[in-house]
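Chemist: Supplied in structure tokens, the structure appears directly below.
The values are calculated or read from the model by the stated rules, or taken from the named source; none is laboratory data. If you're wondering where the values come from, they're calculated on a predicted model, not measured in any experiment. For neighbour counting, all protein chains shown are included, and Cβ atoms are generated from backbone atoms with ideal geometry for every residue, glycine included.
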């Protein structure tokens, strides 16, 4: 199959979405947890766009779709509270995680609706997912607009990293396979992760 730009633009919306979203391969499946200002309604939403942006300082980013007529509860809460959590999705809970993508109203917590448990650290306002084996507590840093399509890159700094000791190697690598984490491709296809090799730093 060879598709040109005009071919892709000629697809119906669903076919185009599925193809373009899956062409980048398997990405990490993460649940972003937030809370609104008092009375503290909580929100949980699945994202496949979380990326590492640097290790010193430790920064992570994710993409939000255009903010406009459709409410973006995750982003609104991040701006209001300044903190959020990123929680890796365990393989056994991919169906529940996927359900968080439904358009619930603001008063409905996806934690309760989709079968996840809120977990908190003292002094940190955003809820973690108790069932997640790899969790990050993030502090909001900035938003970089992407004018060409109205999306934006939301950047945060890691304040807390929570993972089982036995999953962390002496050199600092986290064994994602041992944590039984899920990956995602496209909008609704989930995969298990398997390590296939480890190599030394490459030098000429």
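Residues are listed down the side, and each one gets a yes or a no for (1) within 25 Å of residue 157 (Cα to Cα); (2) at pLDDT 95 or above:
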| site | (1), (2) |
| --- | --- |
| 21 | no, no |
| 37 | yes, no |
| 60 | yes, yes |
| 67 | yes, no |
| 102 | no, no |
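Chemist: Next up: Among the residues of segment 109-132, how many are on the phi < 0 side of the Ramachandran plot and free of Cβ contacts under 8 Å to residues at least 24 places away in the same chain? Full working, then the answer.
Modeler: Here is the first cut: in segment 109-132, the ones on the phi < 0 side of the Ramachandran plot are 109-114, 116-122, 124-132.
Keeping just the survivors that are free of Cβ contacts under 8 Å to residues at least 24 places away in the same chain gives 112-113, 117, 119-120, 122, 130.
Residues meeting the conditions: 7.
Here is a yes/no grid of residues against (1) more than 19 Å from the chain's Cα centre (by Cα); (2) over 28 Å from residue 116 (Cα atoms); (3) buried (at least 16 other Cβ atoms within 10 Å of the Cβ):
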| position | (1), (2), (3) |
| --- | --- |
| 19 | yes, yes, no |
| 42 | no, no, yes |
| 54 | no, yes, no |
| 66 | no, no, no |
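Chemist: When you scan segment 10-57, how many residues do you find that are more than 25 Å from residue 136 (Cβ to Cβ) and touching a strand residue (DSSP E or B) at 6+ places or on another chain (Cβ under 7 Å)?
Modeler: Of segment 10-57, the ones more than 25 Å from residue 136 (Cβ to Cβ) are 10-20, 22-23, 39.
Okay, now just the ones that are also touching a strand residue (DSSP E or B) at 6+ places or on another chain (Cβ under 7 Å), so 22.
Here the count works out to 1.
Chemist: What are the pairs with Cβ atoms under 6 angstrom where one residue, in segment 1-24, is closer than 18 Å to residue 191 by Cβ and the other, located anywhere, is surrounded by 11 or more Cβ atoms within 10 Å (Cβ to Cβ) and modelled with pLDDT of 90 or more? Sequence gap at least six, or different chains.
Modeler: Going by the 6 Å Cβ cut-off, the qualifying pairs are 22/185.
Chemist: From the list 124, 116, 111, which residue is touching a strand residue (DSSP E or B) at 6+ places or on another chain (Cβ under 8 Å), under 23 Å from residue 37 (Cβ atoms), in a helix (DSSP H, G or I) and at pLDDT 90 or above?
Modeler: Numbers: 124 fails: in a helix (DSSP H, G or I); 116 fails: in a helix (DSSP H, G or I).
One residue alone meets the criteria, 111.
Chemist: Additional query: Would you call residue 142 surrounded by fewer than 14 Cβ atoms within 10 Å (Cβ to Cβ), more than 17 Å from residue 182 (Cα to Cα) and modelled with pLDDT of 95 or more? Quick ask: steps written out before the conclusion?
Modeler: Values: surrounded by fewer than 14 Cβ atoms within 10 Å (Cβ to Cβ): yes; more than 17 Å from residue 182 (Cα to Cα): yes; modelled with pLDDT of 95 or more: yes.
Yes.
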